[in-house]
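Working notes, beginning with the structure itself.
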Amino acid sequence: MKFFSPWSLMWLGLLIPVIVFFYLLKLKRKEVTVSSVLLWNHLVKDVQANAPFQKLRRNLLLLLQLIIAAFAIFALSRPAFYASALGGSHVVVILDGSASMQSKDAQGTRFDAARATALKMVNDMHGGDQMMVLLATQRTHRLTAFTGDQNELRRAINASRPRDTGTNLRDAILLAASAAGQRQGSQIYVLSDGAFEGLDDLDTRGSAVQFVKFGERSENTGIVAMDVRRMFRDEGGYQLFLAVRNYSDQKKRGTLEFYRDDALIDARPVELPAADKTNGFSEKAEVLQNLPELDGILRARLDIADDLPADNEAYAQLSVRRDLKVLLVTEGNLYLEKALNVDPHVKLSRVSPSGYASQADFDVTIFEGFTPKRPGPGAHLYIGCGGPTAPVDVKNTIANASIMDYDRVHPVMRYVKLSQLQLQEALTATKKPWGVALAEHEGGVAVALGERSGTKSAYVGFSLLKSDFPLRVAFPIFFNNVVQWLAARPGRTEGLQLRAGQVATIEAPVELTEIKVTTPDGKQQRVPSEGRVTYFGETEQRGIYMAEGKGFKHEFAVNLLSRDESDTRPKDRIKLGNRPIFAGTGSVKTAREFWRWLLLAAVLVLALEWWVYHRRI
């Protein structure tokens, strides 16, 4: 109990004696002679009761008046009690709906606990409070706008479900801060286990951010990486690379199973040591060799009981390789020719710049040191030169350049290491709006890709013969990756390129105006199809998706494969830039005044006193 105006209680010592004193006073009455007092007995009683200094008798009116005075004085003192509250009049609740929140703890999943906390926060709302609820997955889902309707908030929270994706908390906080703006008392609550990377400094626009932690343990093993690579040999085939991690402090044993279209093709025991105290995990790699080149879905399943089933399966989409017709326009480069001929499916033709006449019937045309006026159809690769379809604008040249930074995630850069690459001469260039830079040197873009109007192109901004690139192991791998990327048709990418939450590209017949997509849980969605490529963004569930239309059927796989999500160790703090935010409870204690209820009680007792008084007279 707390009093915001405690000095008002002094009126108890002043007003109560005054009320009692009035009941001790003798009333002055006018004397009148009457023949009899038989009919005036009640007046005689009043005279006796008001005799000066006579002991007080029981009097209901006196008791009621004392109660009225007590209620009024206590109301003036502004009493309050401490109770749970939101801590702000405008609150944004961000529910982490990523895969790690599906992890089981003592009771239910972490997401269940976060949802229960969000519902409790709704119950803690008071008059004038407003709340917005967001669900943070790979995308940010706005479940409600700012509202004080507690029933609407409860319905939205109860209907929310976690997804098999990572957490894009940055976008969620930016949206929350933008919605809260400069509203007085705005507060952002992040309900999460902290399984995401540190965030750059964000402008929360005056809104305080509070982190509420969920999770008590880390008993998880999962598949964190999976990749499929074609084998460079005459008979073709694939190799499967798999990485499994154990985040538990206990040794784990189980079975790693491999399926092609639900048919078991391999099974092997796997044993993972307890998590290393320095890294927080132990890891083991597995390789599956000599996979035949067939269409289908390859599935890996880790048969180990743990708290998070979402990362115990991964998928790869395989397809039969087709021969690629590649035209190399060059004055002569034996290194490049040998690198391209490493892949038996590449059918290489060579022509000098003077003999190039925009030849058709080639999947990929490579221009080395030659800028064509009219490139022929197909995809184009520019090496040491620019061109009309290049993803960059070439400006000048510089000497003695070196690669400063490069993308390590893009499929073109798979197994490619460009650090310490020395360039005697390089082109300076800036990427076009539709281009994507994969590597940079002192003069600008070194490697870039792009796609415009359905045509792909790539750019390498230095002369191969004036660098040490041809002497590196990554040289043939890089050019094989580039050619495969340029020649790949939408929706036919082999291996693991699609993560949960990414947009899937589906190549459908031109005559189809609509395709039906069946998700892994059996739900069906109809997607408009315009042109040859259809985009489908509802991929936040891992598993196999089936796209169908008249005379058309296509499967594609979606994976989790996230080290952040598989690392289910709950974090005690999150970082916004260099500013750590430590975990809280999700609510604060605030003083709630109740003087209005005391005044209402005083008015009710006053009405009762008035009724008693008039009943007596």
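The values are calculated or read from the model by the stated rules, or taken from the named source; none is laboratory data. What you are looking at is a predicted structure, and each value in this text was computed from that prediction instead of being measured. All Cβ positions, glycine included, derive from the backbone under ideal geometry; neighbour counts span all protein chains shown. We work out accessible area using only protein heavy atoms, side chains counted, and drop any ligands, DNA or RNA first. Shrake-Rupley method; radii C 1.70, N 1.55, O 1.52, S 1.80 Å.
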>> Return the residues of the range 332-366 that are touching a Leu at 6+ places or on another chain (Cβ under 7 Å), surrounded by 16 or more Cβ atoms within 10 Å (Cβ to Cβ) and hydrophobic (A, V, I, L, M, F, W, C); say none if nothing qualifies.
In response: LEU336, LEU340, VAL346, LEU348, PHE362, VAL364, ILE366
> Considering the range 57-104 alone, what residues qualify as being open to solvent by less than 30 Å² (accessible area, probe 1.4 Å), at pLDDT 85 or above and either touching a His at 6+ places or on another chain (Cβ under 8 Å) or among the charged types (D, E, K, R) (or both)?
Replying inline: ASP96, GLY97
> Out of curiosity, is GLY127 open to solvent by 40 Å² or more (accessible area, probe 1.4 Å), farther than 25 Å from ALA500 by Cβ and not aromatic (Phe, Trp, Tyr)?
Replying inline: yes
>> Which count do you get for residues in the range 413-447 that are part of a loop (DSSP other than H, G, I, E, B), more than 21 Å from SER457 (Cα to Cα) and either of a type in the set (A, V, I, L, M, F, W, C) or at pLDDT 90 or above (or both)?
In response: 1
> Pairs, please: C-beta under 8 Å, at least 6 apart or cross-chain, first residue over 25 Å from ALA474 (Cα atoms) and in the range 331-359, second among the charged types (D, E, K, R) and open to solvent by 30 Å² or more (accessible area, probe 1.4 Å)?
Replying inline: SER352/GLU331; PRO353/GLU331; SER358/ARG374
>> For the range 340-366, which positions are assigned to a strand (DSSP E or B), more than 44 Å from the chain's Cα centre (by Cα) and not aliphatic (A, V, I, L, M)?
In response: LYS347, SER349, ARG350
> Can you name every residue in the range 295-305 that is of a type in the set (Gly, Ala, Ser), at pLDDT 85 or above and open to solvent by less than 20 Å² (accessible area, probe 1.4 Å)?
Replying inline: ALA300
> Of (1) at pLDDT 85 or above; (2) over 24 Å from SER562 (Cβ atoms), ARG183 satisfies all except one. Which?
Replying inline: (1)
>> Among the residues that make up the range 451-465, is at least one of them modelled with pLDDT of 90 or more, outside any strand (DSSP E or B), under 35 Å from the mean Cα position of the chain (by Cα) and closer than 20 Å to ASP405 by Cβ?
In response: no
>> Tell me whether the range 306-317 contains one or more residues that are open to solvent by 10 Å² or more (accessible area, probe 1.4 Å) and either among the β-branched types (Val, Ile, Thr) or touching a Phe, Trp or Tyr at 6+ places or on another chain (Cβ under 8 Å) (or both).
In response: yes
> Cβ-Cβ below 8 Å, separation at least six or inter-chain, first residue in the range 581-602 and modelled with pLDDT under 80, second surrounded by fewer than 16 Cβ atoms within 10 Å (Cβ to Cβ) and in a helix (DSSP H, G or I): which pairs?
Replying inline: GLY586/LYS120; SER587/LYS120
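To keep it simple, each residue is scored yes or no on (1) touching a residue at least 24 places away in the same chain (Cβ under 8 Å); (2) not polar (S, T, N, Q).
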position: THR430; (1), (2): yes, no
position: PRO433; (1), (2): no, yes
position: GLY450; (1), (2): yes, yes
position: LYS466; (1), (2): yes, yes
position: PHE475; (1), (2): yes, yes
>> Taking the condition of being open to solvent by less than 70 Å² (accessible area, probe 1.4 Å) and not in a strand (DSSP E or B), how many residues in the range 367-386 meet it?
In response: 9
> If you check THR165, THR117, which single one turns out to be part of a loop (DSSP other than H, G, I, E, B) and either open to solvent by less than 20 Å² (accessible area, probe 1.4 Å) or modelled with pLDDT of 85 or more (or both)?
Replying inline: THR165
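Residue-wise test of (1) outside any strand (DSSP E or B); (2) over 30 Å from ARG110 (Cα atoms); (3) of a type in the set (D, E, K, R); (4) open to solvent by less than 30 Å² (accessible area, probe 1.4 Å).
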site	(1), (2), (3), (4)
THR534	no, yes, no, yes
ALA547	no, yes, no, yes
VAL558	no, no, no, yes
GLU565	yes, no, yes, yes
> Applying the selection to the range 92-114, what residues are under 20 Å from ALA177 (Cα atoms) and part of a strand (DSSP E or B)?
Replying inline: VAL92, VAL93, ILE94, LEU95, ASP96
> Does the range 387-401 contain at least one residue that is touching a residue at least 60 places away in the same chain (Cβ under 8 Å), in contact with a helix residue (DSSP H, G or I) (Cβ under 8 Å, 6 or more places away or on another chain) and either part of a loop (DSSP other than H, G, I, E, B) or among the small types (Gly, Ala, Ser) (or both)?
Replying inline: no
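Yes/no per residue for (1) more than 27 Å from PHE111 (Cα to Cα); (2) at pLDDT below 85; (3) open to solvent by 30 Å² or more (accessible area, probe 1.4 Å); (4) in contact with a Cys (Cβ under 8 Å, 6 or more places away or on another chain):
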| position | (1), (2), (3), (4) |
| --- | --- |
| LEU242 | yes, no, no, no |
| LYS252 | no, no, yes, no |
| ILE265 | yes, no, yes, no |
| GLU271 | yes, no, yes, no |
| ASP276 | yes, no, yes, no |
| SER282 | no, no, no, no |
| GLU293 | yes, yes, yes, no |
